[in-house]
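Scroll down for the structure; my scribbles are underneath it.
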Amino acid sequence: MSSKVPPIILNNGVEMPQLGFGVWQVPDGEAEQAVATALEAGYRSIDTAAIYGNEEGTGRAIAGSGVPREELFVTTKLWNSDQGYDATLRAFDVSLEKLGLEYLDLYLIHWPTPARDLYVDSYKAFEKLYADGRVRAVGVSNFLTEHLERLIAETSVVPAVDQIELHPHLQQNAAREFLAGQGIATEAWSPLGQGKGLLEVPAIVAIARKHDRTPAQVVLRWHVQLGNVVIPKSVTPSRIRENIEVFDFSLDTEDLAAISALDEDRRLGSHPAHFNGG
Ligand code: NDP
């Protein structure tokens, strides 16, 4: 089955599906079923990370899916304690082995962890992996403008992607503008605001009723119209299927304005300037 999801073109010409499937907090034993359901529903992009502990389950689902490797877009992330040039190269091999893949589509530095001061060295290892053809695109996650400015000044491959927390309560307009100016794609993590309060906000529920859609579909459609890459997570088959059905309707100017008004600069996760864990 070909994907229902249109691609965006990364700054090196590689195509990345605009909507993918996130697997944070999915235990390894459940990841195989969840990813298999997503692949059956038409998802072709999967977002995992070494720290999620489910690269093996994800890899089993990929292997069992019958989807040709070249139709898939697989992302994983370098964990904080593996930062540093040599440690990064070793961690990449471990992730690839767990996923059972010959190459990766996108490798991200999970957090800048500024107190370690190793993200430039780690990224230089990414550049080697990229030059060696072992990953089709390299990028970062949770990088603020200051981290990206330093990275761009001290390395030669501009990151293809910055994956950051982004949802209607944290719209990240300044970051999005900066990333667009640098040719870096904005990828939204926790795009549904982790699914709780956000999907009950009256303005979102009203827009959903107006279009005969669900609140989650409205939020995902908002991301798509902004140009974000999105990676909603669900372990519920009906939701997995629902979340990819967002390419056959549009929000109008009034809907977009109502969602714009929900920005509260409210983070659910850690602040990248201060998070040095792991
Ligand atoms: P999401 O915003 O994707 O929300 C997931 C939650 O929403 C789950 O509890 C899920 O429930 C629920 N949900 C999903 N679809 C629906 C629906 N249609 N209706 C109602 N509820 C729904 O949160 P995540 O934090 O998981 O973010 C998505 C992905 O982003 C992660 O899986 C991961 O890949 C990535 N991420 C990256 C981070 C980083 O530091 N780079 C940090 C955090 C996330 P259920 O599963 O029970 O169906």
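Criterion applied to A31, A41 was being over 13 Å from R241 (Cβ atoms), in contact with a helix residue (DSSP H, G or I) (Cβ under 8 Å, 6 or more places away or on another chain) and among the small types (G, A, S), and the one residue passing it is A31. Restricting attention to region 199-219 and to residues that are near the ligand (Cβ under 8 Å from one of its atoms) and among the aliphatic types (A, V, I, L, M), the residue that is surrounded by the fewest Cβ atoms within 10 Å (Cβ to Cβ) turns out to be L199. Among the residues in region 178-186, are any within 16 Å of the ligand (Cβ to nearest atom), out of contact with any Lys or Arg (no Cβ under 6 Å at 6 or more places or on another chain) and within 21 Å of F21 (Cα to Cα)? Yes, the conditions are met somewhere in region 178-186.
Filtered by the rule that a residue be of a type outside the set (A, V, I, L, M) and in contact with a Pro (Cβ under 9 Å, 6 or more places away or on another chain), region 12-32 gives E15, P17, Q18, G20, F21, G22. Go through region 64-88 and give me each residue that's closer than 18 Å to I51 by Cβ and hydrophobic (A, V, I, L, M, F, W, C). Once the filter is applied, which keeps residues that are closer than 18 Å to I51 by Cβ and hydrophobic (A, V, I, L, M, F, W, C), region 64-88 yields V74, L78, W79, A87. For region 139-158, taking the residues that are more than 14 Å from the chain's Cα centre (by Cα) and outside any helix (DSSP H, G or I), the one that is nearest to the ligand (Cβ to nearest atom) is identified as L144.
Residues in region 112-147 that are under 18 Å from T75 (Cβ atoms) and buried (at least 16 other Cβ atoms within 10 Å of the Cβ): 18 in all.
FYI, it's all coordinate maths here, none of it is from the lab. What you see is a predicted model; the values in this text were computed from it and never measured. A quick note on method: Cβ atoms are made from the backbone with ideal geometry, for glycine too, and the neighbour counts reach across all protein chains shown.
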